[in-house]
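As structure tokens, the structure follows; a few thoughts come after it.
The values are calculated or read from the model by the stated rules, or taken from the named source; none is laboratory data. Quick caveat: nothing in here was measured; it's all calculated off a predicted structure. Here the Cβ is made from the backbone with ideal geometry for all residues, glycine too, and neighbour counts use every protein chain on show. We work out accessible area using only protein heavy atoms, side chains counted, and drop any ligands, DNA or RNA first. Shrake-Rupley method; radii C 1.70, N 1.55, O 1.52, S 1.80 Å.
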Amino acid sequence: MLQPVKIIIADDHPLFRQALVNILTTHFDHVSLFEAETIAELDSTLALHSDADLLLLDLNIPKAHGFNTLVNIRNCHSQMGVVIISGQEDKITVSKSMTFGAAGFIPKSTSVDIMVEAIRTVLSGQQWAPAGCDNIEAIEADSMASKLVSLSPRQHSILMMFADGLLNKQIAYELGLSEATIKAHASAIFLKLGVHTRTQAVIAMNQLQLDQTRLAQ
């Protein structure tokens, strides 16, 4: 019996998620779909369906912290294809997405036929980029971005919790770890990033944020 293709849709706009569900169920046979509206829901869905074939990820889902969620997912689920679906479609955002591990990038303005073609292409093991962006050179990740990519999945999760303002005690509770373990992870994070404080680490992490000025254009 043919195994269904598992696809996770992570987007905080219900109407757009429903549109994607309609497109996928109409154009793909044997597909199982799972939805996530927040990063917490996405984490839970990934834990339950770590064997998913594809993740359709909106970079602006709340608390995604720009490219940080993409980097973390690629570290934790290297076998899973990740396609960025975004309202931003400038070449820099596309190039950075591909540099940080996305298998494809689909602007939300894309027609249904092209969107289906893009998803089929990625599911076949190839990469996809929008017309005009398929031959752009990958942007060289700067020194700090390279350091951020080197963090372990656990360290990256803790760094994002730092950015959300959680205290060590709160992070320990959320992750089911001791406060001493969180402090040890923090020290390792600071060492890898070449910083000395939480604030400096969060500033470094912000280098992987999206350029929000493009959203207003």
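Under a 5 Å amide H cut-off, with hydrogens placed 1.01 Å from N, TRP128 pairs with GLY104, PHE105 among residues at least 5 apart or on other chains. When only the Cβ of Lys, Arg, Asp and Glu is charged (+1, +1, -1, -1), the dipole of segment 5-124 relative to its Cα centre reaches about 300 debye.
For LYS91, the lysines whose Cα comes closer than 26 Å to its Cα, not counting residues fewer than 8 places off in the same chain, are LYS63, LYS108, LYS147. For the chain, modelled as a GNM whose springs connect Cα atoms under 10 angstrom apart, the maximal fluctuation among PHE67, PHE16, PHE105 occurs at PHE16. For SER32, the residues whose amide H sits under 5 Å from its own are VAL5, LYS6, ILE7, ignoring neighbours fewer than 5 places away on the same chain, with H placed 1.01 Å from N. Our helix-only sum for the chain, with -39,500 (n - 2.57) per DSSP H run of n ≥ 4 divided by its residues, gives a mean residue ellipticity at 222 nm of -14000 deg cm²/dmol.
Once you divide the Cα radius of gyration of segment 50-177 by 2.2 N^0.38 Å, the number left is 1.13.
Where the alpha-carbon atoms of segment 144-215 are placed on the principal axes, they occupy 40, 24, 20 Å, in descending order.
Under the criterion of Cα pairs below 8 Å and six or more residues apart, the relative contact order for segment 144-215 equals 40 percent. Comparing ALA19, ALA103, ALA118 in a Gaussian network model of the chain, where Cα atoms under 10 Å apart are tied by springs, the biggest mean-square fluctuation is seen for ALA19. Across segment 1-45, the volume of the C-alpha convex hull divided among the residues equals 51 Å³ per residue. Counting only Cα atoms, the size of the chain along its three principal axes is 51, 38, 29 Å, in decreasing order. On a per residue basis, the convex hull of the C-alpha atoms belonging to segment 5-124 measures out at 93 Å³. Sorting THR121, THR93, THR99 on solvent-accessible area from highest to lowest, probe radius 1.4 Å, gives THR99, THR121, THR93.
In plain terms, the chain from ALA131 to LEU175 could stretch by 11.7 nm, reckoned as 0.36 nm per residue minus the Cα-Cα distance. Choose one answer from ALA64, ALA47, ALA102: the residue with the largest mean-square fluctuation in a GNM of the chain with alpha-carbon springs under 10 Å. With Cα springs under 10 Å in the chain, the top fluctuation among ALA64, ALA47, ALA102 is at ALA47.
Entry comment: accessible area of the chain is 50 Å² per residue, from protein heavy atoms only and a probe of 1.4 Å.
Express the relative contact order of segment 5-124 as a whole percentage, based on alpha carbon pairs under 8 Å and six or more residues apart in sequence.
23
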